[in-house]
Amino acid sequence: MIVARAPGRVNLIGEHTDYNAGFVLPVAIDREVHLYAQPRSDHRCVLYSEVLDDQIEFDLRSIPPAEALPEGWIRYVAGVAQMLTQHTGRTLTGIEGVVSSTLPLGAGLSSSAALESACAVLWNMLDDLRLPPATLALLCQQAEWHYAGVHCGIMDQFACLLSQPGSALFLDTRTLFTETIPLPREWVIVVADTGKPRTLAESGYNARRAECEQAVRELQSILGEEVSALRDVSPEQASLYLPLVSEPARARARHVIGENARVLAFLETLRGGNREGVRALMLASHRSLRDDYAVSCPELDAMVEACLAAPGCVGARLTGAGFGGACVALVEREQVDAFIQQVDLDYRARSEYEPQFLICEAVGGASVSPVS
Ligand code: ADP
Ligand code: MG
């Protein structure tokens, strides 16, 4: 029997930058998908999900196309199998097993990438495919695009597969350059869920993408073809040329260009152990998401304010697409209980929703090992 484990992730800074070819800084967290499996001789994949109390089954010699599959988690597993098969030209070994999870589904912590990555590292070992984690990440992303029908960025799969313990993962989403950024051991990561469902998230997300494309088109007409994404616009160019861009594209672009610069500054503040710098940059990110990108909501703002006022808080901001969902806070390990107690009280006084807190450690990327 072997077990593949794959972590969820939370993004520390660099929000809405990934589809603008920019920078992100996710961290893999100790909430994980575990896939326990043993090989079968008949090339069938038979898996049971404990969380969903559901079994899936398909043939690895003729993996059904996405359209032939029902909606649901089979699409992630079959998608990964299909991408690995296409990439290597091999027929994968059959497996029988159980998926268990300490990672909440659909909570913005990327359980989908964790499920994909667990499957990818499992077959990578079982079939001795020898694919590096970055290749697995790209294949998992393809699975999510073509089988789950979710046109996601590359951050989740990279965070899930390439992270190192105790560290965040800097990722340049254009070049796929990565760098491991150690986090101070005295800090823990707190994911503070507002309890507010992300109702407007999908339409809001699509609107923001379109507004960013609009900003690129307008900036291209001034700066030429070397601007193919907001990534290509420097803060200096932004202060000169953004006033010429129409609203709301201007404000959206201001967020993205500023946020990319904040990610790079954040790396420096972490390297220098500069606590105040971390706090200031996370707050600037939150305000920019609230005021320029318009993806916050009263609950996220209340949660960030509550976090910043609580003992031991290094920094806090909304994380993920926004419109509800969670904040991420960096908190002094020794004060984390007092921190949560106060934030919980404070937030409840300001909101009708039920908050939830996860204390997380930064863990390494997906891995696979034998179990007895
Ligand atoms: P997120 O990635 O933010 O958690 P998604 O909607 O992208 O949310 O992915 C959630 C989907 O991933 C679930 O609906 C399910 O299909 C699949 N999934 C995640 N974890 C599991 C699990 N433990 N068992 C079965 N399916 C899972
Ligand atoms: Mg997902």
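Cα centroids of region 274-330 and region 191-255: 20 Å apart. Normalised radius of gyration (Cα atoms, divided by 2.2 N^0.38 Å) for region 1-69: 1.57.
How big is the C-alpha Rg of the chain next to the rule-of-thumb value 2.2 N^0.38 Å, as a ratio?
Cα-based Rg divided by the globular estimate yields 1.00.
Once the Cα atoms are used to define both axes, helix 336-350 deviates from the longest principal axis of the chain by about 70 degrees. Comparing GLY324, GLY106, GLY94 in a Gaussian network model of the chain, where Cα atoms under 10 Å apart are tied by springs, the biggest mean-square fluctuation is seen for GLY106.
Against the chain, whose longest principal axis comes from its Cα atoms, helix 74-88 is set at around 80 degrees. In this simple spin-label approximation, ARG174 and SER369 carry label points 7 Å from Cα along the Cα→Cβ vector, and these lie 4.0 nm apart.
Taken per residue, the accessible surface of region 17-94 reaches 43 Å², heavy atoms only and a 1.4 Å probe.
With all projection directions averaged, the alpha carbon convex hull of region 1-115 covers 8.4 nm².
Its convex hull of Cα atoms gives region 282-342 a direction-averaged projected area, equal to a quarter of the hull surface, of 3.7 nm². With protein chains left intact and a 1.4 Å probe, residues in region 95-158 average 34 Å² of accessible area per residue.
Accessible area per residue of region 163-246 at 1.4 Å probe, in Å²?
For region 163-246, the per-residue accessible area is 51 Å².
Computed over protein heavy atoms with a 1.4 Å probe, the carbon and sulfur contribution to the accessible area of the chain reaches 51%. Could you please state, rounded to a whole Å, how far the C-alpha centre of region 103-182 is from the C-alpha centre of region 47-96? About 17 Å separates the Cα centre of region 103-182 from the one of region 47-96.
The values are calculated or read from the model by the stated rules, or taken from the named source; none is laboratory data. Bear in mind the structure is a predicted one, so any value in this text is a computation, not a measurement. Cβ coordinates were reconstructed from backbone atoms using ideal geometry, including for glycine residues, and neighbour counts include every protein chain displayed. Note: areas computed on protein heavy atoms with side chains; ligands, DNA, RNA excluded. Shrake-Rupley method; radii C 1.70, N 1.55, O 1.52, S 1.80 Å.
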